[in-house]
Every structure is written in structure tokens, then in C-alpha cells.
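To start, the structure itself, in C-alpha cells.
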Amino acid sequence: MDEGSLIISGIGMAIGVFYSIYHLFISKTSAGLEKEIEEKMQAHPVANVIRYLIFIAVNSFLGNMFFDIGWLLWISFFSAVALWILLVEHQFNFSYLSSIFMILLIFSGAGVPTHQQSFINHISDHTEYECLRIECVKVSEVHVNDELKTEIKTLSIQGYSFDWYMLFARGGLTLKDEDGNIKVFSGVNIGGLWLLDK
């Protein structure tokens, strides 16, 4: 991210934080919630907890959107789940609960990558393979005559696939070494988390 984009993202994030602080904690209308829901919230001692959970969920989501920090999406997701549990426990309005469910769907969909490089990066970060544009390198430790040595093998990329389905994505990568052996990786991404198929 270049300096100009970083400044714009920082300004956007600051506006989002100040806006949510004003509407959740300062404004009398409490972020435009309907009066009936606001009265129910004030009747319960968890009203402030609900406000903080909304604040954390919204601003973590914005932090991921502006700065592309994936783990913030998980904080946002768990805050929304905790919010949903609190609202179900205190039997708030059904329309409010359905809107929380829609927010959960949006959060999980926002974390799913829309480009194939995400799967290749996951392979590089979580396996012994380091993938570049047209080939991958496998770095492993081997025992030769009771000595530990590093072995490096070059594998060419034979094919890759990536399918985005809004709420999840599937990725595949096929590698071939110099001896003709084929290694296939495939996985599914749910909410920004890659799960490799065994």
C-alpha cells in the first residue's frame, strides 16, 4: 500500500470510528435504532455491552476493508456472534435479529478472497512450498549419513483453478517436479480462512 492510499485509508477509518462513537455513545438516538428497541435495551443491564459489541464489529470490519488486515474480520465476526447471542437471550425484536443474521452473512462473505493469488499465498505461507509466478520451490530437511541437510526441489506449475461463490471460494494448484511426480493442492475458503483438502 503506497503512502497516498495509506493516508486516505487512515482518514476513512478515523471518520468511521468517530461516526460510530458519536452515534453509539453520544447521540440521543443511539445510531438511529428504533425507539422501541432502544427502550428495551435500556431496560436491560447489557445495553452498554451491546453498544460496545456493535462498535467493535463495525470498526473491525472497516479496519479490514481499509487496511486489508484479515484477522480484524474474525474479531468483527465474533463480536457479531456475541451480539446475536445477547439479543436472542433477551428476546429482542425479530426484525432486529434477522438484520444481525444478515450482517453475519455479509461479514463472512467479505472475508472470502476474489482472486487466485490468495490460495497460492496460502500454500506458500503454510506448507514447505514457496510459489512464485511460474514455479514453486520445495524446501525440506533430509538426513544424509546422519547429517541434517536442506534439500531444494523446483516444481513447475501445471495448472491452477479458483472459483468464487460469494460466501466461499475453492482453489486448486497442480505442481510437477523434475522426475514427473505430480502434487495437487486443493482447498476451500470460508470467511477468509483457507482449509486444505487432505
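Things worth noting here:
- Residue that is nearest to Phe78 (Cα to Cα) [pool: residues in segment 176-194 that are touching a Phe, Trp or Tyr at 6+ places or on another chain (Cβ under 9 Å) and among the β-branched types (Val, Ile, Thr)]: Ile190
- Breaking point among (1) free of Cβ contacts under 8 Å to residues at least 24 places away in the same chain; (2) among the hydrophobic types (A, V, I, L, M, F, W, C); (3) loosely packed, with under 12 Cβ neighbours inside 10 Å, for Val188: (3)
- Residue in segment 175-185 that is at pLDDT below 85 and either open to solvent by 20 Å² or more (accessible area, probe 1.4 Å) or under 27 Å from the mean Cα position of the chain (by Cα) (or both) present: no
- When segment 137-174 is filtered for residues that are outside any strand (DSSP E or B) and loosely packed, with under 12 Cβ neighbours inside 10 Å, the ones remaining, listed by number, are Asn145, Asp146, Tyr165, Met166.
- Within segment 156-172, not a single residue is closer than 30 Å to Phe77 by Cα and in contact with a His (Cβ under 6 Å, 6 or more places away or on another chain).
- Filtering segment 103-136 to residues that are in a loop (DSSP other than H, G, I, E, B), surrounded by fewer than 18 Cβ atoms within 10 Å (Cβ to Cβ) and under 15 Å from the mean Cα position of the chain (by Cα) leaves Thr114, His115.
- Within segment 4-19, tally of residues that are modelled with pLDDT under 75 and of a type in the set (Ser, Thr, Tyr): 2
The values are calculated or read from the model by the stated rules, or taken from the named source; none is laboratory data. Just so we're clear, the structure is a prediction, and the values are computed from it rather than from any experiment. Neighbour counts are summed over all protein chains in view; Cβ atoms, including those assigned to glycine, are modelled from backbone coordinates with ideal geometry. Note: accessible area is taken over every heavy atom of the protein model, side chains too, but ligands, DNA and RNA are not part of it. Shrake-Rupley method; radii C 1.70, N 1.55, O 1.52, S 1.80 Å.
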